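Reviewing the structure listed below.
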Amino acid sequence: MGTERILKSPEEIKIMSDPLRMTIFKAFHHLNKPATAKQVADALTLAPAKVHYHVQKLLGIGIIELDHTEEINGIIAKFYKTSVDSFVIDYTNISDKVRSSVYSKSENLYISTFNAFRDTFIDNIRKKVEKQLPPTAENRSGFLIHNTLKLQQKDYESFYGEMTTLVEKYMEHSCPEEACGTYQFLCSAIKEER
């Protein structure tokens, strides 16, 4: 499994709860090589100054780090990379007075993540329907699984580890751009609290 960072302070949680910062973090992570804020801005079709601002926030909490600098046409370009693969939020050391506000910000991140995936999923299903492709194996381009699992904690931890390893295996897989399709992937599990 990759490196995981535990966010504990309200400031760290607030910084990572911004949907645009999460998008920028994912862009750096998916590039799988050091990149400048400008390169990420271009990939996301955002203003470089806007991305640079958010990169500084991510740098400040150690979610990304400076990898190296290069002189390009007389300008020193800073290349950044992610310093973690994922993060979890720990609310236990946050005072009751602040916890509700902090949770509200992170809840917005959860909602925007689910909504972005939902929109991409539905949009691509719609495109598939418009093309009127038969449901053959070579035309199958997505799936949706929703199940309930009854697991002991050790089994859940094993399941989580196996899923993470599987996803990492395919994230590291490479193929020529013209031969690869881009697949959005969202995997979530939550224990029902009693």
Collect the residues in segment 83-126 that are under 19 Å from S188 (Cα atoms) and among the acidic types (D, E), keeping them in residue-number order.
D85, D90, E107, D119
Output the residue which, of all residues in segment 52-81 that are of a type in the set (A, V, I, L, M, F, W, C) and buried (at least 17 other Cβ atoms within 10 Å of the Cβ), is nearest to Q39 (Cα to Cα).
V55
Kindly list the number of the only condition in (1) more than 20 Å from Y103 (Cβ to Cβ); (2) under 15 Å from the mean Cα position of the chain (by Cα); (3) surrounded by fewer than 18 Cβ atoms within 10 Å (Cβ to Cβ) that fails for P19.
(1)
Taking segment 30-86 and the residues there that are modelled with pLDDT under 95, among the hydroxyl-bearing types (S, T, Y) and assigned to a loop (DSSP other than H, G, I, E, B), the one that is nearest to the chain's Cα centre (by Cα) would be S83
For residues that are at pLDDT 85 or above and hydrophobic (A, V, I, L, M, F, W, C), scanning just segment 1-16, find the one that is surrounded by the most Cβ atoms within 10 Å (Cβ to Cβ).
I13
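Residue by residue, here is whether (1) surrounded by 10 or more Cβ atoms within 10 Å (Cβ to Cβ); (2) touching a helix residue (DSSP H, G or I) at 6+ places or on another chain (Cβ under 7 Å); (3) of a type in the set (D, E); (4) under 25 Å from A116 (Cα atoms) holds:
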| site | (1), (2), (3), (4) |
| --- | --- |
| F143 | no, no, no, yes |
| K150 | no, no, no, no |
| T164 | yes, no, no, yes |
| K169 | no, no, no, yes |
| P176 | no, no, no, no |
Scan (1) surrounded by 11 or more Cβ atoms within 10 Å (Cβ to Cβ); (2) assigned to a helix (DSSP H, G or I) for the single condition K97 breaks and write down its number.
(1)
Can you pull out the residues in segment 51-85 that are in contact with a helix residue (DSSP H, G or I) (Cβ under 8 Å, 6 or more places away or on another chain) and either among the polar types (S, T, N, Q) or free of Cβ contacts under 8 Å to residues at least 40 places away in the same chain (or both)?
V51, H52, H54, V55, I64, E65, L66, T82
Would you be able to say whether some residue in segment 156-164 is closer than 22 Å to K26 by Cα and touching a strand residue (DSSP E or B) at 6+ places or on another chain (Cβ under 9 Å)?
yes
Residues in segment 1-22 that are closer than 15 Å to S86 by Cβ and part of a helix (DSSP H, G or I) total 5
Would segment 130-143 turn up any residue that is among the β-branched types (V, I, T) and part of a helix (DSSP H, G or I)?
no
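The values are calculated or read from the model by the stated rules, or taken from the named source; none is laboratory data. All values derive from a computational prediction rather than experimental measurement. Note that we place each Cβ from the backbone using ideal geometry, even for glycine, and neighbour counts take in every protein chain shown.
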